[in-house]
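See below for the structure under consideration.
The values are calculated or read from the model by the stated rules, or taken from the named source; none is laboratory data. For clarity, every value in this text was computed on a predicted model and none was experimentally measured. All Cβ positions, even for glycine, are placed from backbone atoms using ideal geometry, and neighbour counts span all protein chains on display. Keep in mind that these areas ignore ligands, DNA and RNA; they rest on the heavy atoms of the full protein, side chains included. Shrake-Rupley method; radii C 1.70, N 1.55, O 1.52, S 1.80 Å.
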Amino acid sequence: MFSLNTLNRKAAEKGGVHPIYLHSISEKFAIMIERTKDLPTLYEIRRALLMEYSESVRTYSSPEYSDIVKRAIHYILLHIDYPLTLEEIAKKFYVNPAHLSRKFKSETHMTLTQFIHYKKIEEAKPYLEKGSLSITEIALLVGFNDSNYFEKVFKKVTGMTPSLFIANTKK
């Protein structure tokens with residue numbers, strides 16, 4: 001199982017997944033494998049391992065994007081819990097904000113802000129499902145300084161308020 005974990009990590013890396021994401025996946029499964037004492041659980045871990053690495057390639061790989069868009073996406077994903085702006089990201093990579101904005105939109109079919117909002121909301125959903133934190137705390141965790149703005153963006157992205165999302169997950 002450790003070999004399978006390593007082989008999948010290498011395959012996902014060749015598939016374009018950033019090593020930082022791979023490290024967390026690999027580490028998680030190494031711990032799970034190490035702690036498992038029975039064969040049926042190992043089979044379940046194997047299934048989950050294969051699914052998670054495959055999903056990471058679908059989610060984090062961006063082979064069809066230009067270098068600057070890939071770098072912007074990786075930066076966003078690594079700093080998703082901070083407030084992010086087009087200007088900040090453009091400055092980080094020494095490009096004109098208008099150029100980055102046009103390039104990002106043409107390649108991803110989303111504005112950079114739409115992409116950031118979508119990823120922040122996806123990051124917030126598991127916290128909302130758990131129900132152990134308030135909406136304000138979750139907003140802060142995913143980089144929104146204002147919970148009202150978080151709720152507005154959440155509704156725009158998902159079509160429902162965070163409260164309604166929580167209620168639907170408890171059904």
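For the reader, a short list of remarks on this structure follows.
- Pairs meeting the criteria (first residue in the range 16-40 and more than 28 Å from Tyr65 (Cβ to Cβ), second residue open to solvent by 80 Å² or more (accessible area, probe 1.4 Å), beta carbons under 8 Å, at least 6 apart or on different chains) are Ala30/Phe2; Ile33/Phe2.
- Close pairs from the range 81-97: first without any contact (Cβ under 8 Å) to a residue 60 or more places away in the chain and over 12 Å from Arg71 (Cα atoms), partner in a helix (DSSP H, G or I) and β-branched (Val, Ile, Thr), Cβ under 8 Å, at least 6 apart: Leu84/Ile76; Leu84/Ile116; Leu86/Thr113
- Conditions (1) closer than 25 Å to Phe144 by Cβ; (2) out of contact with any helix residue (DSSP H, G or I) (no Cβ under 6 Å at 6 or more places or on another chain): number failed by Ile89: (2)
- Residue within the range 54-61 that is outside any helix (DSSP H, G or I) and touching a residue at least 24 places away in the same chain (Cβ under 8 Å) present: yes
- Residue tally, condition open to solvent by 30 Å² or more (accessible area, probe 1.4 Å), farther than 18 Å from Leu84 by Cα, touching a Phe, Trp or Tyr at 6+ places or on another chain (Cβ under 8 Å) and in a helix (DSSP H, G or I), over the range 142-171: 1
- Residue that is surrounded by the fewest Cβ atoms within 10 Å (Cβ to Cβ), among those in the range 103-127 that are in a helix (DSSP H, G or I) and of a type in the set (A, V, I, L, M): Ile121
- Check on Ser62, buried (at least 16 other Cβ atoms within 10 Å of the Cβ), modelled with pLDDT of 90 or more and polar (S, T, N, Q): no
- Output for the range 70-87, where each listed residue is within 16 Å of the chain's Cα centre (by Cα) and assigned to a helix (DSSP H, G or I): Lys70, Arg71, Ala72, Ile73, His74, Tyr75, Ile76, Leu77, Leu78
- Total residues in the range 27-59, condition over 19 Å from the mean Cα position of the chain (by Cα) and either open to solvent by 60 Å² or more (accessible area, probe 1.4 Å) or among the aromatic types (Phe, Trp, Tyr) (or both): 12
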